[in-house]
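Here's the structure we're looking at; comments come further down.
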Amino acid sequence: MSAVAPLLQADALSVEFPVRRGILRREVARLRAVDRVSIEVRAGEVLGIVGESGCGKTTLGRAMVGLIAPDAGTLRVEGRDVATLSPDERRRMTRDVQMVFQDPFASLNPRKRIRQVLELPFEVHGLAGGAERDARIRELVALVGLSAEHLDRWPHELSGGQRQRVGIARALALQPKLVVLDEPLSALDMSIQSQVLNLLVDLRERLNLSYVFISHDLSIVEYLCDHVAVMYLGRVVESAPAAQLFASPRHPYTQALLAAVPDPDPRRERPGRPLDGDVPALLHAPGGCAFHTRCPLVQPRCRASAPDLRVVDTVGLQRAACHLL
Ligand code: SF4
């Protein structure tokens, strides 16, 4: 194992939300949206987080950038426990880890011109004023393929692709090391998706960035990511280097997800078949293995106890949580 600390490391990270009922909004239960997730991202790496809607991937991404405080577990940035940082150190950390949101329209303030949108990170962190800030903002729009003329526009005057480029520029304003990309392409037209994807690939190389790429589009994940974690109802059920996971998925849930994707390689035979039905509501998450209500291989013990995530290959790179492995 490398002696250099991962850029970002989550260790048994959990995030819960209260469920409130009645006029007094009393807390009647807690939903565990992220359940003891342990993952890491190394410098220069792209980690994909995949799973159906409601599997907790967006909540995990928000916890990674500090938008949601975890209820348990540890989050480290370059080896330093975020919970032990002083307020100044934490602000510095938020500069290193930024986020691009799924809906570029909802994430831009409609009452601010693009110039003001891009000025905000500098204002919040007290960085670069006057002519220097102006020059940095012009560099940023050029970096994401927009022109200085876009700076005076309102968000509604831009196309979806242009708005997402602004979202990316805003995330890059403070020169982060890691960007968490939460379904950055899913709100865009198909014709625009490849342009924004190419931009992300180009920026990664030019700026030596690391990404956490949250997506339900497995074709893009296979193309872009070095390592993949598959989530189901808040837990990681399988993780592996991307090439290994796509060539040899081991968990029945991963197999089902991949079986639903058209495979461009006709020689590759994928096990499993696509899933029926939806993910159960988190409030009524099944006991034991949470996947047992949809798993084609379910056994009596699957209902009784939850399997741990453990190594399932000979070199220790692939992990899965299934009693049969
Ligand atoms: Fe299926 Fe049982 Fe494995 Fe869960 S533990 S994935 S229900 S076989």
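The values are calculated or read from the model by the stated rules, or taken from the named source; none is laboratory data. Keep in mind that this is a model prediction, so the values were computed, not measured. Please note: Cβ atoms are built from the backbone with ideal geometry, for glycine as well, and neighbour counts cover all protein chains shown.
Output yes when any residue across segment 17-33 is surrounded by 17 or more Cβ atoms within 10 Å (Cβ to Cβ), of a type in the set (Val, Ile, Thr) and on the phi < 0 side of the Ramachandran plot, and no when none is.
No: segment 17-33 contains no residue that is surrounded by 17 or more Cβ atoms within 10 Å (Cβ to Cβ), of a type in the set (Val, Ile, Thr) and on the phi < 0 side of the Ramachandran plot.
Can you tell me which residue in segment 66-84 is surrounded by the fewest Cβ atoms within 10 Å (Cβ to Cβ), limited to those that are of a type in the set (Val, Ile, Thr) and under 13 Å from Leu13 (Cα atoms)? Let's see the steps before the verdict.
Quick first cut of segment 66-84, residues of a type in the set (Val, Ile, Thr) only: 68, 74, 77, 82, 84.
Then keep just the ones that are under 13 Å from Leu13 (Cα atoms); that gives 68, 74, 82.
On the way: Ile68: 17, Thr74: 15, Val82: 20.
The selected residue is Thr74.
With the structure loaded, tell me whether Pro296 is within 14 Å of the ligand (Cβ to nearest atom), closer than 28 Å to Ser210 by Cβ, at pLDDT 90 or above and in a loop (DSSP other than H, G, I, E, B) or whether it fails that test. Give the derivation first.
Working: within 14 Å of the ligand (Cβ to nearest atom): yes; closer than 28 Å to Ser210 by Cβ: no; at pLDDT 90 or above: yes; in a loop (DSSP other than H, G, I, E, B): yes.
The answer is no for Pro296.
Here are some conditions: (1) surrounded by fewer than 21 Cβ atoms within 10 Å (Cβ to Cβ); (2) in contact (Cβ under 8 Å) with a residue 60 or more places away in the chain; (3) more than 13 Å from the ligand (Cβ to nearest atom); (4) not in a helix (DSSP H, G or I). Leu325 meets all but one. Which one does it not meet?
Condition (3) is where Leu325 drops out.
Kindly evaluate Arg95 against the criterion of being surrounded by 13 or more Cβ atoms within 10 Å (Cβ to Cβ), touching a residue at least 60 places away in the same chain (Cβ under 8 Å) and under 23 Å from Leu8 (Cβ atoms). Working first, answer last.
Values: surrounded by 13 or more Cβ atoms within 10 Å (Cβ to Cβ): yes; touching a residue at least 60 places away in the same chain (Cβ under 8 Å): yes; under 23 Å from Leu8 (Cβ atoms): yes.
When the stated conditions are applied, Arg95 passes them.
For Gly73, all conditions in the list (1) at pLDDT 95 or above; (2) in contact with a Pro (Cβ under 6 Å, 6 or more places away or on another chain) hold save one; what is the number of the exception?
So the condition that Gly73 fails would be (2).
Within segment 219-230, is even one residue part of a helix (DSSP H, G or I), among the small types (Gly, Ala, Ser), more than 16 Å from the ligand (Cβ to nearest atom) and at pLDDT 95 or above? Walk me through it before giving the result.
Narrowing segment 219-230 to residues part of a helix (DSSP H, G or I): 219-224.
Going one step further and asking which of them are among the small types (Gly, Ala, Ser), we end up with 219.
Narrowing further to those that are more than 16 Å from the ligand (Cβ to nearest atom): 219.
Cutting the leftovers down to at pLDDT 95 or above gives us none.
Checked segment 219-230: no residue is part of a helix (DSSP H, G or I), among the small types (Gly, Ala, Ser), more than 16 Å from the ligand (Cβ to nearest atom) and at pLDDT 95 or above.
Does Val221 satisfy being of a type in the set (Val, Ile, Thr), closer than 26 Å to Cys295 by Cβ and within 15 Å of the chain's Cα centre (by Cα)? Spell out how you get there, then give the answer.
On the way: of a type in the set (Val, Ile, Thr): yes; closer than 26 Å to Cys295 by Cβ: yes; within 15 Å of the chain's Cα centre (by Cα): yes.
Judged against the criteria, Val221 is a match.
Taking segment 171-215, which residues are of a type in the set (Asp, Glu) and over 12 Å from the mean Cα position of the chain (by Cα)?
If we filter segment 171-215 for residues that are of a type in the set (Asp, Glu), which is where we start, we get 182-183, 189, 202, 205.
The answer is Asp189, Asp202, Glu205.
If I filter segment 270-284 down to residues being farther than 21 Å from Phe246 by Cα and touching an Asp or Glu at 6+ places or on another chain (Cβ under 9 Å), which single residue comes out as nearest to the ligand (Cβ to nearest atom)?
Of everything passing the filter in segment 270-284, Val279 is nearest to the ligand (Cβ to nearest atom).
Confirm whether Arg303 is within 16 Å of the ligand (Cβ to nearest atom), surrounded by fewer than 19 Cβ atoms within 10 Å (Cβ to Cβ) and not in a loop (DSSP other than H, G, I, E, B).
Values: within 16 Å of the ligand (Cβ to nearest atom): yes; surrounded by fewer than 19 Cβ atoms within 10 Å (Cβ to Cβ): yes; not in a loop (DSSP other than H, G, I, E, B): yes.
Yes, satisfied.
Please determine, by comparing only the residues of segment 236-264 that are within 15 Å of the ligand (Cβ to nearest atom) and of a type in the set (A, V, I, L, M, F, W, C), which one is modelled with the lowest pLDDT.
Ala259
Scan Gln102, Gln116 and give me the residue that is within 17 Å of the chain's Cα centre (by Cα) and not small (Gly, Ala, Ser). So that I can check it myself, show each step before the final result.
Details: Gln116 fails: within 17 Å of the chain's Cα centre (by Cα).
The match here is Gln102.
Could you tell me which of the residues Leu199, Leu174 is touching a helix residue (DSSP H, G or I) at 6+ places or on another chain (Cβ under 6 Å), more than 18 Å from Lys57 (Cα to Cα) and not hydroxyl-bearing (Ser, Thr, Tyr)?
Working: Leu199 fails: touching a helix residue (DSSP H, G or I) at 6+ places or on another chain (Cβ under 6 Å).
None of the others qualify; the one that does is Leu174.
Collect the residues in segment 164-198 that are among the polar types (S, T, N, Q) and buried (at least 24 other Cβ atoms within 10 Å of the Cβ), keeping them in residue-number order. If you could, list the steps in order and put the result at the bottom.
In the first step, residues of segment 164-198 are kept if they are among the polar types (S, T, N, Q); the result is 164, 175, 186, 191, 193-195, 198.
Within segment 164-198, just Gln164 meets the criteria.
State yes or no: is Leu317 in a loop (DSSP other than H, G, I, E, B), under 24 Å from the mean Cα position of the chain (by Cα), closer than 15 Å to Glu52 by Cα and more than 8 Å from the ligand (Cβ to nearest atom)? Walk me through how you get there before you give the answer.
Numbers: in a loop (DSSP other than H, G, I, E, B): yes; under 24 Å from the mean Cα position of the chain (by Cα): yes; closer than 15 Å to Glu52 by Cα: no; more than 8 Å from the ligand (Cβ to nearest atom): yes.
When the stated conditions are applied, Leu317 does not pass them.
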